[in-house]
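Taking it in order: structure first as structure tokens, then the write-up.
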Amino acid sequence: MTESFNNEALAEVAKKSCVSVGEVLRKIHSKLPEITEDFEDKINSKIHSIFVELLQKSYPSMSVYKEYEKNDGALELSWYIFAFDGVKNYIRYQYPYTISVAWKKNGVTQGVVLLEVFNNVLYYAIKGSGSYYEQRRIRCKQSVDKIHYTVGCDFESIKAFNLNNNKYTPRVFGNFQILYGLVAMSRVDALLIPLSNPLHDSLSLLILEAGGSIKTIKSPLNSVEYIIGGHFQAVDFLVSNQDILLRELL
């Protein structure tokens, strides 16, 4: 079979692969084995193996990497598989938990697919072609002055906090991959994560292709850089209040 390397064809393979892996996860979930300390490693290894088999069946010439395997300088088109996010939720039979895969060329993300496994729904973005929820085009609203501001963070240990601002209702999520999709479809106004997070480069395409913005700020306490993404007004609000926000977070 001739390999078609256009982004639409790659997106279809990525979506079908995510759905197939999701079916396996739900089947395991229906009767979880005894949870041991190495459960997360085992299930991530299983997910990776299935992804590799499915992706290389359609594109045998493409390499497949894990998200932390740096290959940004590679000239060839490559797949990147992201770890199962939300394992604790999965074990506790709680929502949400996600899997995702991206493809890059010359170190630049060309597309990304994210599956919210519990509800079996897909978020995906193709460079230059927009962001989608299932088959529906999604966009970040450019005006959020009539709704409460929300920030989603990937700091699992942080509890819900209050900035004493009636325009702003911060929340903390236990699964940060899904936040990219929720920001892209305007269900969350903005997210804040460490710049060093290896998944951001690919998942941020969901926000950018939905018309959102990405900015970098530096913590006044420890000089750690953070990524802020989302609606323009929400992002500007967070940047202008970064000292208050980061002191609450750190």
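The values are calculated or read from the model by the stated rules, or taken from the named source; none is laboratory data. This is a predicted model, so every value here is computed, not measured. With ideal geometry, Cβ positions are generated from the backbone for all residues, glycine too; neighbour counts draw on all protein chains shown.
Quick notes
- Pairs where the first residue, in the stretch 31-55, is over 16 Å from I99 (Cβ atoms) and the second is surrounded by 11 or more Cβ atoms within 10 Å (Cβ to Cβ), C-beta under 6 Å, 6+ apart: I35/I91
- One residue from E37, E76, E116 being in contact with a strand residue (DSSP E or B) (Cβ under 8 Å, 6 or more places away or on another chain) and either loosely packed, with under 13 Cβ neighbours inside 10 Å or modelled with pLDDT under 85 (or both): E76
- Of all residues in the stretch 83-108, those being without any contact (Cβ under 8 Å) to a residue 60 or more places away in the chain and of a type in the set (V, I, T) number 3.
- Hits in the stretch 89-107 (condition: out of contact with any helix residue (DSSP H, G or I) (no Cβ under 9 Å at 6 or more places or on another chain) and either among the charged types (D, E, K, R) or not in a loop (DSSP other than H, G, I, E, B) (or both)): N89, R92, K105
- Extreme residue, surrounded by the fewest Cβ atoms within 10 Å (Cβ to Cβ), among residues of the stretch 79-113 that are in contact with a Ser or Thr (Cβ under 7 Å, 6 or more places away or on another chain) and among the β-branched types (V, I, T): T109
- Among the residues making up the stretch 112-144, a single one is at positive phi, within 16 Å of the chain's Cα centre (by Cα) and among the small types (G, A, S): G130.
- Among residues of the stretch 79-123, those that are among the aromatic types (F, W, Y) and farther than 20 Å from D38 by Cα, counted: 6
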